[in-house]
Amino acid sequence: MDTMSVAGAKPVGEIVDVFVIYEDGTPAHVQVLARPEPTLSRPGRIVSEEEYGARLQELRAGTAAHVADLEAQDEARHREDYEVLRGLGVPEANARRMAGYLGGQS
């Protein structure tokens, strides 16, 4: 494992990786001096690297789904604006540019 060092400083012990999931579901990867169980800064539990990785994947999947939903909502708003502009007789190219709508093009 790579560790950061400061010129002239001597290590005080072995540094180990610890994986934590806090009560609110936040995962953390910390490096601590190898000693008996480290004291956590807030309520949580020490977990395996695999459990930590699984929690990260859950969070990433949730974020990706949320972003996809936001993008779909944004696309729907652009399409609605475009359709209103077209209904008012605005030429297609201008309506697309004004609404920021890129969908439905062949």
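Just so it is clear, none of the values below were taken in a lab; they were calculated from the coordinates. None of these values were measured; they are calculated from a predicted model. Cβ sites come from the backbone with ideal geometry, for glycine too, and all protein chains shown count toward neighbours.
Data table
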| quantity | calculated |
| --- | --- |
| The chain - charge dipole about Cα centre, Lys and Arg +1 at Cβ, Asp and Glu -1, debye rounded to 20 | 320 debye |
| Residue-span extension gain [A9 to Y22] - 0.36 nm each, minus C-alpha spacing | 1.5 nm |
| On Cα atoms only, tilt of 49-87 relative to the major axis of the chain in degrees | 10 degrees |
| Values of log10 I(q)/I(0), in the order q = 0.11, 0.13, 0.19 Å⁻¹, for the chain under a Debye, Cα-only, solvent-free model | -0.61, -0.67, -0.98 |
| For V16, net neighbour charge (Lys/Arg +1, Asp/Glu -1) across residues whose Cβ lies under 12 Å away | -3 |
| Rg(Cα) / (2.2 N^0.38 Å) computed for segment 63-106, rounded to two decimals | 1.28 |
